1. Using the structure shown, decide if Arg168 is touching a Pro at 6+ places or on another chain (Cβ under 8 Å), open to solvent by 20 Å² or more (accessible area, probe 1.4 Å) and farther than 16 Å from Lys82 by Cβ.
2. Yes or no: Val211 at pLDDT 90 or above, among the aliphatic types (A, V, I, L, M) and either touching a strand residue (DSSP E or B) at 6+ places or on another chain (Cβ under 9 Å) or surrounded by 20 or more Cβ atoms within 10 Å (Cβ to Cβ) (or both)?
3. So which residues in segment 20-54 are modelled with pLDDT of 90 or more and touching a His at 6+ places or on another chain (Cβ under 8 Å), if there are any at all?
4. I'm trying to understand the selection: among the residues of segment 116-174, which are at pLDDT 55 or above, out of contact with any Ser or Thr (no Cβ under 7 Å at 6 or more places or on another chain) and charged (D, E, K, R)?
5. Answer yes if at least one residue in segment 202-210 is in a helix (DSSP H, G or I) and closer than 17 Å to His70 by Cβ, and no otherwise.
6. Restricting attention to segment 184-197, does a residue exist that is surrounded by fewer than 20 Cβ atoms within 10 Å (Cβ to Cβ), in contact with a Ser or Thr (Cβ under 7 Å, 6 or more places away or on another chain) and at negative phi?
7. Does segment 148-165 hold any residues that are assigned to a helix (DSSP H, G or I), open to solvent by 20 Å² or more (accessible area, probe 1.4 Å) and without any contact (Cβ under 8 Å) to a residue 60 or more places away in the chain, and which are they?
Amino acid sequence: AVVSTQSTGVKLDGSMESAVGQLVVSAGLIAEVLQWSTDGTPIDWGGVRRAHVTHQLCLLIRTLCSIAQHRGLELGKAFLQKIKLTGERYPIEKCQENPAAKYTELKDCEKVDSTLAQDNTSSGDGKIGSHSPRISDEVTAKPTLQSVTAMWRRFSEERDWLREHTPRNLTLDLFGEVGEVIEVVLEGRGDELLGEELSDCLASSVRLAEVCGINLTAAINHYFPQ
């Protein structure tokens, strides 16, 4: 087996164990190409390297969907819930003041104001609220890779995070998020937390693909035609 579960006491069936192993392999192979990239310097892709990263990103996202399906989760719905939660944890105003601050640091500075949250919900000015992003009914009904990518880009842009979204940083972030997914699976923790971690991993994947100029929808249709 790629991943040992003896120390956790959790028994994984064959499909879940294979999925966990695939996450590790894909994240590792992506990191092999991108972790050494110099920030601010265009990647010397070459046909093979580009195809390699594209294929592994597609495999990784497909595996995230498989894990979600195996546990009876809707990954798109989980992502919408997570982006709402993340918006509450990282208010726009505080992030703009200190973009590098962690959630715990922002929490110490300012607890989420329920009154402000209500004002954001009722606002009719069409602007994104300070906490939770506005999401159209169409997107809420059926999120797609394109809409997830656009939502996460806009969410990050409002918090002045895009400056940190280099291929190398996103690759390292993705590797960390994969580790958190695996931790939740191996420890047999609840589906709600698993949905959050899968969503984090999805967000890192789609953002990395966008920064690297990879069309995920076209690539997935190419590698896994339905």
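1. Values: touching a Pro at 6+ places or on another chain (Cβ under 8 Å): no; open to solvent by 20 Å² or more (accessible area, probe 1.4 Å): yes; farther than 16 Å from Lys82 by Cβ: yes.
When the stated conditions are applied, Arg168 does not pass them.
2. On the way: at pLDDT 90 or above: yes; among the aliphatic types (A, V, I, L, M): yes; either touching a strand residue (DSSP E or B) at 6+ places or on another chain (Cβ under 9 Å) or surrounded by 20 or more Cβ atoms within 10 Å (Cβ to Cβ) (or both): no.
In short, no.
3. Leu29
4. Hits for segment 116-174 are Lys142, Arg153, Arg154, Glu157, Glu158, Arg159, Asp160, Arg163, Glu164.
5. Of segment 202-210, the ones in a helix (DSSP H, G or I) are 202-210.
Filter once more, keeping what is closer than 17 Å to His70 by Cβ: 202.
Checked against the condition, which is being in a helix (DSSP H, G or I) and closer than 17 Å to His70 by Cβ, segment 202-210 yields at least one hit.
6. Scanning segment 184-197, I find at least one residue that is surrounded by fewer than 20 Cβ atoms within 10 Å (Cβ to Cβ), in contact with a Ser or Thr (Cβ under 7 Å, 6 or more places away or on another chain) and at negative phi, so the answer is yes.
7. Here is the first cut: in segment 148-165, the residues assigned to a helix (DSSP H, G or I) are 148-158, 162-164.
When the remaining residues are screened for being open to solvent by 20 Å² or more (accessible area, probe 1.4 Å), the result is 149-154, 157-158, 162-164.
Ala150, Arg153, Arg154, Glu157, Leu162, listed by residue number.
The values are calculated or read from the model by the stated rules, or taken from the named source; none is laboratory data. Nothing here was measured: the structure is a model prediction, and the numbers come from that model. All Cβ positions, even for glycine, are placed from backbone atoms using ideal geometry, and neighbour counts span all protein chains on display. Note: accessible area is taken over every heavy atom of the protein model, side chains too, but ligands, DNA and RNA are not part of it. Shrake-Rupley method; radii C 1.70, N 1.55, O 1.52, S 1.80 Å.
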